[in-house]
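What follows is one structure encoded as structure tokens, with my remarks underneath.
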Amino acid sequence: MNPVSYAFAIAAAAIALLAIIEMLRRQRFRERHAFWWLLAAILSLVVSIFPSTLEWASSVVGVEVPSNLAFFISIVILFFVTVQHSSELTTLEEKTRVLAEHVALVEQRLSVLTDSVERSSQPSESIK
Amino acid sequence: MPLLLDTLVVMPAFNEEEAVAAVIKEVLSTLPGVRCLVVNDGSTDRTAQVAREAGATVLTLPFNLGVGGAMRLGFQYAVENGFERVVQIDADGQHNPSNVPNLLAQLENADIVIGARFAGTGDYDVTGPRKWAMKILATIISRIARTRLTDVTSGFKAAGPRAVRLFAVNYPAEYLGDTIESLVLASRGGCTVVQVPVAMRPRAGGVPSQNPMKSAVYLGRAAMALVIALWRTPISVRG
């Protein structure tokens, strides 16, 4: 591997890891969303610093071309992230639906109450 | 009729300012003593004002949730305000309120009554692929509900006390949730379903689609909705 691509791989992985840590620190990320990204960034940093780990891992699981193992693992991680997002989207949709229902019910009760308050306060005003 | 006093007529309405007032007035005059609830499903026109002026109680959803979402709110309102029965009617006037007593009478021996469009009365008719799609659905759901149903996608339905309590918590908001999934959910939850023939009136606007492509997509999505409904864990009703 030539030194430039070696340095480039390390830099890319390091930047990704730092970005995730920084976003976590600034609370732009909840921990459960950050998990898969942290895992991916740490793995890619390790592999970019010590490419031999990838070669070793692929020989262990019997993958002939080491980069294919890297692609496979990336796809698996992305898969989990999107599945998690779909599931949380469903939860959020359900929550907004419940909120919308509550707003509608509260609004209706409020208008009934306002009407009855206005009706009961009107006669006293006409006396004045 | 004392039956009407604890019956709530729910109308999901999305941009129906032209038709809704006439339908509400007709409901209130043909069914004396009944309360009419319009669920304004995120309309951008004056549906809410028009409905309120016509004498209905109006619940306004801040954005469109679809018929399923609107109906769950209707059932919730029914439970909170002590209504025992809920009748669902379209706000566009295609359902005739004079059929409601027939539906309510059948609630004596069933939890859900469907106003079926092809069961003899009226001249409502669809042809071609859409008809086959509806037939297939009706056959499958009849099996699940263990009764003979010919029209499962009708929006004209009545629910008795058990079904109202079930639906207030569990009415599905998925695509076709208000027809297919709600029937599957209720019959697996131990509710009984029957149908009553009703005559349909022409819709205020628009013709049902006869495009074979659209019908195929419809059948596909309906089948998907059915499979998902059957996969879900059944819910049992208390009491």
Going residue by residue through region A:80-102, is there one that turns out to be on the phi < 0 side of the Ramachandran plot, among the aliphatic types (A, V, I, L, M), in contact with a strand residue (DSSP E or B) (Cβ under 7 Å, 6 or more places away or on another chain) and without any contact (Cβ under 8 Å) to a residue 40 or more places away in the chain?
yes
Scan region B:74-92 for residues that are buried (at least 24 other Cβ atoms within 10 Å of the Cβ) and within 14 Å of another protein chain (Cβ to nearest Cβ) and report the count.
3
Give the residue, chosen from B:Met134, B:Met71, that is aliphatic (A, V, I, L, M) and within 14 Å of chain A (Cβ to nearest Cβ).
B:Met71
Condition met for B:Glu26 (among the acidic types (Asp, Glu), farther than 13 Å from B:Pro97 by Cβ and at pLDDT below 95)
no
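Go through the residues of region A:30-46 one by one and say whether even a single one is in contact with a strand residue (DSSP E or B) (Cβ under 6 Å, 6 or more places away or on another chain) and within 30 Å of B:Gly69 (Cβ to Cβ).
no
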For B:Arg148, the lone unmet condition from (1) modelled with pLDDT of 85 or more; (2) part of a helix (DSSP H, G or I); (3) of a type outside the set (A, V, I, L, M) is (2)
Could you list, in sequence order, all residues of region B:73-94 that are of a type in the set (D, E, K, R) and either at pLDDT 95 or above or touching a Gly at 6+ places or on another chain (Cβ under 9 Å) (or both)?
B:Glu84, B:Arg85, B:Asp90, B:Asp92
Would you check if B:Leu59 is within 23 Å of B:Pro234 (Cα to Cα) and either of a type in the set (A, V, I, L, M) or more than 14 Å from chain A (Cβ to nearest Cβ) (or both)?
no
Note on region A:84-101: residues more than 9 Å from chain B (Cβ to nearest Cβ) and charged (D, E, K, R) are A:Glu88, A:Lys95
Within region B:18-37, can one find any residue that is facing chain A (nearest Cβ under 10 Å) and either out of contact with any Gly (no Cβ under 7 Å at 6 or more places or on another chain) or in contact (Cβ under 8 Å) with a residue 60 or more places away in the chain (or both)?
no
Per-region count, region B:44-56, residues surrounded by fewer than 22 Cβ atoms within 10 Å (Cβ to Cβ) and within 13 Å of chain A (Cβ to nearest Cβ)
3
Exactly one of these conditions fails for B:His95: (1) of a type outside the set (Gly, Ala, Ser); (2) touching a Ser or Thr at 6+ places or on another chain (Cβ under 8 Å); (3) surrounded by 18 or more Cβ atoms within 10 Å (Cβ to Cβ). Give me its number.
(2)
B:Pro97: passes all of (1) touching an Asp or Glu at 6+ places or on another chain (Cβ under 9 Å); (2) modelled with pLDDT under 90; (3) more than 14 Å from chain A (Cβ to nearest Cβ) but (2)
Considering each of B:Gly82, B:Gly155 in turn, give the residue that is in contact with an Asp or Glu (Cβ under 6 Å, 6 or more places away or on another chain), touching a residue at least 60 places away in the same chain (Cβ under 8 Å) and not in a helix (DSSP H, G or I).
B:Gly155
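The values are calculated or read from the model by the stated rules, or taken from the named source; none is laboratory data. Just so it is clear, the model here is predicted, and its values are computed rather than measured. Methodologically, a virtual Cβ is constructed for each residue, glycine included, from the backbone with ideal geometry; neighbour enumeration extends over all protein chains shown.
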